[in-house]
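Below you'll find the structure, written out as structure tokens, and then a few comments.
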Amino acid sequence: MRKTYIAIVILCATPVLFGQQGRSLPDLKAEATAEVDKLQTLTQQMVDEIFSFGELGFQEYETSRYVTAILEKNGFRIERQVAGIPTAWSGSYGSGKPVIAFITDLDCIPRASQKPGVAYHDPLVEGAPGHGEGHNSGMAVNVTAALVLKKLIDEHHLAGTIKIFPGVAEELLGTKAFYVRAGLFKDVDIVLGAHVSSDFSTSYATGDGESSGLVSVQYFFHGKAAHAAMAPWQGRSALDAVELMDTGWDFRREHLRPAQRSHRVIINGGDQPNVVPSEAAVWYYFRELDYTHIKELYDLGNSIADSAAKMTGTTVDHKLVGSAWPPFFNKVIAEAQQKNIEAVGLPKWTEADQTLAKALQKEIGAKAEGLPEKIESLSEPAKEQMGGPSDDVGDISWNVPMTYLMYPANIPNLPGHSWPNAVAMATPIAHKGSTAGAKVQALTALDFLLQPELVQRAWDYFRNEQTKDVHYSSFLSPEDRPAIEMNKEKMERFLPQLKKFYYDPARYKSYLEQLGISTQQ
Ligand SMILES: [Zn+2]
């Protein structure tokens, strides 16, 4: 009896650190690292191909087709049009617990078209969208990691499921709240997000304190058309209402908390001056540090819009087109991830990589310090929150333990959301940075696949610290729908020209080669 008892204990204890064929976690990690290296050509092709697609939010059709084809070919189960979004999908491989999910963005930036490897503004297609944020590298990171994990699951009979999700329309903060509402993360234990950066890092809780949450709202004013000179008294100008709303908001801005960030663009200012504009529209982002304050800004925006309508004899309705909770990342995952970042280390930058980085930094008047050579240690969350940009993964981070890996695939000191951020994104800087990122994603997934107690600790932190006093409540009302029609016209206008520049890996080793650009000195 006693002997049997001991045998059972050993059997129960072994899967904690070993696959069924008895490979230890360090052995599996070494194998994963070597396998990611073997996939370097595929990683490079994914970076370059998605760069060449240059698709805006909600219009990532080519990108989604391309990525799901790779996953499907490798035995992943694909579910399409998840959460009612045509370009969204999920991929999964393996079975049972734990369920580890990867997520990363797909979409690009309006007017950011740029030839890679060229350190001055030189668009591929004038005025076209382009990867001026570097989201083209994310899927190269996550798909590479997922394919390596699939191989290890098969070879070593590892239990657990790998899931992979696309960040559709992240630049519009347009989907993650809908993903959560659709229950996509209900069975997920750990989420490993990845985002392009110039450094190799991760963070936990509110990190550097420079993130905000937001709502993104469009206000549509409706007036009455009339001849602007012959009978202006018969008209009611929707544009007047937009201008009064904007003026009203700017006066009120002085009396808002310093942490707020709000900005707008007029998306419809009427047709021509001699017609009183019967329709006009303005689009606001209202950013703040927490749910309550974001909601207050949203309510204030609505009431200023109503007042502007009253002043001008027009009517107004609004549409929420995006929302995001401020992200909050998991300490237990971040600590495991940091060790993997340090184990993988920064890519080996060549002279040519550094020259391109410094030339671009000089061109745009930024500090010309080249590419990073050092990894920072995991820092304590900032005491003061400053606020800043947003990412709709925030909503996921309040529903499942999650971290966001920043992998080093871009050049430091760039302005973001514009052509300079596209320069490195189909060059060896992005290729090597994505390979490094894929290693950390694979290694961190292995940490959680093989150590159930680590999954438990991540959930303890999530339940007992992160969500002890703060409870998630979506900004979405039941009527809100994903704004899937956005960017459709813009994308259709540029598609014929962009198609001429799609990368053909069957004919060219790299996109730089296809374009005839040399980054060698
Ligand atoms: Zn982004």
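How about segment 24-40: which of its residues are in contact with a helix residue (DSSP H, G or I) (Cβ under 8 Å, 6 or more places away or on another chain) and either farther than 14 Å from Val143 by Cα or not acidic (Asp, Glu) (or both)? Reasoning before the result, please.
Pass one, segment 24-40, residues in contact with a helix residue (DSSP H, G or I) (Cβ under 8 Å, 6 or more places away or on another chain): 25, 28-29, 31-33, 35-37, 39-40.
Residues satisfying the conditions are Leu25, Leu28, Lys29, Glu31, Ala32, Thr33, Val36, Leu39, Gln40.
Report yes if Glu492 is at pLDDT 95 or above and within 27 Å of Thr161 (Cα to Cα), otherwise no. No: the conditions fail for Glu492.
Here Ala231 does not qualify as more than 16 Å from the ligand (Cβ to nearest atom), over 28 Å from Val265 (Cβ atoms) and crowded, with 24+ Cβ neighbours inside 10 Å. Here Ser198, Ser237 are screened, and the one residue that is at pLDDT 95 or above, within 15 Å of the ligand (Cβ to nearest atom), over 30 Å from Ser24 (Cβ atoms) and in contact with a Pro (Cβ under 9 Å, 6 or more places away or on another chain) is Ser198.
Restricted to segment 428-473, and to residues there that are aromatic (Phe, Trp, Tyr) and touching an Asp or Glu at 6+ places or on another chain (Cβ under 9 Å), the residue that is surrounded by the most Cβ atoms within 10 Å (Cβ to Cβ) is Phe448.
Limited to segment 208-228, what total is found for residues that are crowded, with 22+ Cβ neighbours inside 10 Å and more than 16 Å from Asn274 (Cβ to Cβ)? So the count comes out to 9. Do the conditions hold for Ala205, that is, is it buried (at least 18 other Cβ atoms within 10 Å of the Cβ) and either within 16 Å of the ligand (Cβ to nearest atom) or not polar (S, T, N, Q) (or both)? No. Total residues in segment 479-521 satisfying the condition of being surrounded by fewer than 16 Cβ atoms within 10 Å (Cβ to Cβ) and among the polar types (S, T, N, Q): the figure is 4. Just one of Gln45, Gln40, Gln114 is more than 16 Å from the ligand (Cβ to nearest atom), touching a strand residue (DSSP E or B) at 6+ places or on another chain (Cβ under 7 Å), within 21 Å of Gly433 (Cα to Cα) and modelled with pLDDT of 95 or more; which is it? One residue alone meets the criteria, Gln114.
Scanning segment 123-160 for residues that are within 14 Å of the ligand (Cβ to nearest atom) and without any contact (Cβ under 8 Å) to a residue 60 or more places away in the chain yields one hit, Gly138. Here Ser418 does not fit the description of being within 16 Å of the ligand (Cβ to nearest atom) and buried (at least 24 other Cβ atoms within 10 Å of the Cβ).
Taking segment 330-414 as the region of interest, the helices (runs of 4 or more DSSP H) fully inside it that hold 1 or more residues being buried (at least 23 other Cβ atoms within 10 Å of the Cβ), more than 16 Å from the ligand (Cβ to nearest atom) and under 21 Å from the mean Cα position of the chain (by Cα) are 331-344. In segment 165-193, the residues that are among the basic types (Lys, Arg) form Cβ pairs under 6 Å with partners that are in a helix (DSSP H, G or I) and within 16 Å of the ligand (Cβ to nearest atom), at six or more places apart or across chains, as follows: Lys176/Val393; Lys176/Asp395; Lys176/Ile396.
Looking only at segment 377-395, which residues are in contact with a strand residue (DSSP E or B) (Cβ under 6 Å, 6 or more places away or on another chain) and under 20 Å from Gly134 (Cβ atoms)? Ser390, Asp392, Val393, Gly394 - these are the residues of segment 377-395 that are in contact with a strand residue (DSSP E or B) (Cβ under 6 Å, 6 or more places away or on another chain) and under 20 Å from Gly134 (Cβ atoms).
Filtering Leu173, Leu256, Leu214 for residues that are of a type outside the set (Val, Ile, Thr), within 16 Å of the ligand (Cβ to nearest atom) and at negative phi leaves a single hit, Leu214.
The values are calculated or read from the model by the stated rules, or taken from the named source; none is laboratory data. In this text, all values refer to a predicted model and were calculated from it rather than measured experimentally. Cβ sites come from the backbone with ideal geometry, for glycine too, and all protein chains shown count toward neighbours.
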